[in-house]
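Input: a single structure, listed below in structure tokens.
The values are calculated or read from the model by the stated rules, or taken from the named source; none is laboratory data. Because the structure is a prediction, the values reported are computed rather than measured. Ideal geometry is used to build each Cβ from the backbone, glycine not excepted, and the neighbour counts take in all protein chains shown.
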Amino acid sequence: MAEAHTSGEYIKHHLQNLTFGQHPDGTWGVAHSVEEAKAMGFWAINVDSMLFSIGLGVLFLFLFRLAAKRASVGVPGGWQNFVEWIVEFIDDSVRGSFSHRNAMVAPLALTVFVWIFLLNLMDLLPVDWLPWIATLAGVPYFKIVPTTDPNVTFALALSVFFLVLYYSVKMKGPGGFFAELAFQPFQSKNALLKLVFMPVNLLLEGVSLIAKPVSLALRLFGNMYAGEMIFILIALMFGGGVLLGVFGGVLQWAWAVFHILIITLQAFIFMTLTIVYLDMAHSEHH
């Protein structure tokens, strides 16, 4: 596949999603170029991101349900041991970061961690294998790492953000939530000063609130996009001769080992910040 493109075309090909949407002429179909994908506008769907995101989510549910169905009080099997270890790890993380009572937080944290880890794990597959198979089937593009698509990372972050807003209003009431935004960090007992500080506080707290989903999304996207780019650049070495190919193979193995830490860390950070943000949503500031 590397021989079929120049280096620039090769990189662009591997970073382009399989996009489905409405063409400017009114017909619906798959974009066969970056320009066609842009012309489809906001409502176009990145089919490969959706496919892998939903597929890996279903895989997560299936495997954990399988462990739950086969769970026994006797000596647990290897898979049950592994699942129990993950559940205990998530439970300890929630207990350490969430100081309130909410039965939804631990399952949410488990889902976020495992799902994002599986999405990130796709980055360890060779960059050419699945796109090459897709090309043989007539599919022009096939990007296999969903978290290198900002649409996916922002969807995950906005889901957490909406939960934060929901619990902020539920626990504090609409007035309490507004007061939290309007009357801090600058405070005063003087009514006139309160009115003066209110727009400043709303601006500062509003920016802080909006920054939460943006930072969640961009941190995950940026790290995974950079990792995928490095794998693509290393893959280009295999077309540069035997010595460069051997060096590329060693470099690819070393980066893959290091990248295991990155994909795990990114899933852990997203999960931890989700727990912390929900804890803040449940807490009242006086």
Suppose we filter the stretch 112-132 for residues that are of a type in the set (Asp, Glu), in a helix (DSSP H, G or I) and over 30 Å from Leu163 (Cα atoms); how many remain?
0
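So which of Gly239, Gly249 ends up being small (Gly, Ala, Ser), surrounded by 14 or more Cβ atoms within 10 Å (Cβ to Cβ) and either in contact with a His (Cβ under 8 Å, 6 or more places away or on another chain) or farther than 22 Å from Val160 by Cβ (or both)?
Values: Gly249 fails: surrounded by 14 or more Cβ atoms within 10 Å (Cβ to Cβ).
Result: Gly239 is the single residue among Gly239, Gly249 that is small (Gly, Ala, Ser), surrounded by 14 or more Cβ atoms within 10 Å (Cβ to Cβ) and either in contact with a His (Cβ under 8 Å, 6 or more places away or on another chain) or farther than 22 Å from Val160 by Cβ (or both).
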Filter pass, Leu273 being assigned to a helix (DSSP H, G or I), touching a Lys or Arg at 6+ places or on another chain (Cβ under 9 Å) and among the aliphatic types (A, V, I, L, M)
yes
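State whether one or more residues within the stretch 194-216 are part of a helix (DSSP H, G or I), among the hydrophobic types (A, V, I, L, M, F, W, C) and under 19 Å from Val145 (Cβ atoms). Walk me through how you get there before you give the answer.
Narrowing the stretch 194-216 to residues part of a helix (DSSP H, G or I): 194-216.
Then keep just the ones that are among the hydrophobic types (A, V, I, L, M, F, W, C); that gives 195-198, 200, 202-204, 207, 209-211, 214, 216.
Next, only the ones that are under 19 Å from Val145 (Cβ atoms) stay: 216.
Within the stretch 194-216 (the criterion being part of a helix (DSSP H, G or I), among the hydrophobic types (A, V, I, L, M, F, W, C) and under 19 Å from Val145 (Cβ atoms)), the answer is yes, since at least one residue qualifies.
Considering only the stretch 173-189, state which residues are in a helix (DSSP H, G or I) and either more than 29 Å from the chain's Cα centre (by Cα) or under 13 Å from Leu203 (Cα atoms) (or both).
The first filter runs over the stretch 173-189 and keeps only residues in a helix (DSSP H, G or I), leaving 173-182.
Matches in the stretch 173-189: Gly173, Pro174, Gly175, Gly176, Phe178, Ala179, Glu180, Leu181, Ala182.
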Please tell me if Thr135 is of a type in the set (Ser, Thr, Tyr), assigned to a helix (DSSP H, G or I), surrounded by fewer than 22 Cβ atoms within 10 Å (Cβ to Cβ) and in contact (Cβ under 8 Å) with a residue 24 or more places away in the chain.
yes
Considering only helices (runs of 4 or more DSSP H) fully contained in the stretch 18-104, which possess at least 2 residues that are hydroxyl-bearing (Ser, Thr, Tyr) and within 16 Å of Asp149 (Cβ to Cβ)?
47-69
Kindly indicate which of Gly245, Gly241 is at pLDDT below 95, out of contact with any Asp or Glu (no Cβ under 6 Å at 6 or more places or on another chain) and at positive phi.
Gly241
Cβ pairs under 9 Å, 6+ apart or interchain, first in the stretch 222-247 and within 11 Å of Asp123 (Cα to Cα), second among the aromatic types (Phe, Trp, Tyr), ordered by first then second residue, are Gly227/Trp255; Ile230/Trp255; Phe231/Trp255; Ile232/Tyr10
Out of the residues in the stretch 155-200 that are touching an Asp or Glu at 6+ places or on another chain (Cβ under 9 Å) and of a type in the set (S, T, N, Q), which is farthest from Ile275 (Cα to Cα)?
Gln184
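How about the stretch 92-129: which of its residues are free of Cβ contacts under 8 Å to residues at least 40 places away in the same chain and surrounded by fewer than 17 Cβ atoms within 10 Å (Cβ to Cβ)? So that I can check it myself, show each step before the final result.
Of the stretch 92-129, the ones free of Cβ contacts under 8 Å to residues at least 40 places away in the same chain are 92, 95-96, 101, 103-104, 106-107, 110, 125, 129.
Correct list: Asp92, Arg95, Gly96, Arg101, Ala103, Met104, Pro107, Leu125, Trp129.
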For the list (1) in contact with a helix residue (DSSP H, G or I) (Cβ under 6 Å, 6 or more places away or on another chain); (2) at pLDDT 95 or above, I need the number of the one condition that Leu236 fails.
(2)
Any idea how many residues of the stretch 1-30 are in contact with a strand residue (DSSP E or B) (Cβ under 9 Å, 6 or more places away or on another chain), without any contact (Cβ under 8 Å) to a residue 60 or more places away in the chain and surrounded by 11 or more Cβ atoms within 10 Å (Cβ to Cβ)?
5
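Taking the stretch 52-96 only, how many residues are of a type in the set (Ser, Thr, Tyr) and modelled with pLDDT under 95? Let's see the steps before the verdict.
Filtering the stretch 52-96 down to residues of a type in the set (Ser, Thr, Tyr) leaves 53, 72, 93.
Subsequent filtering for residues that are modelled with pLDDT under 95 retains 72.
Going through the stretch 52-96 one residue at a time, the tally reaches 1.
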How many of the residues in the stretch 67-88 are more than 23 Å from Ala109 (Cβ to Cβ) and either touching a residue at least 60 places away in the same chain (Cβ under 8 Å) or among the small types (Gly, Ala, Ser) (or both)?
4
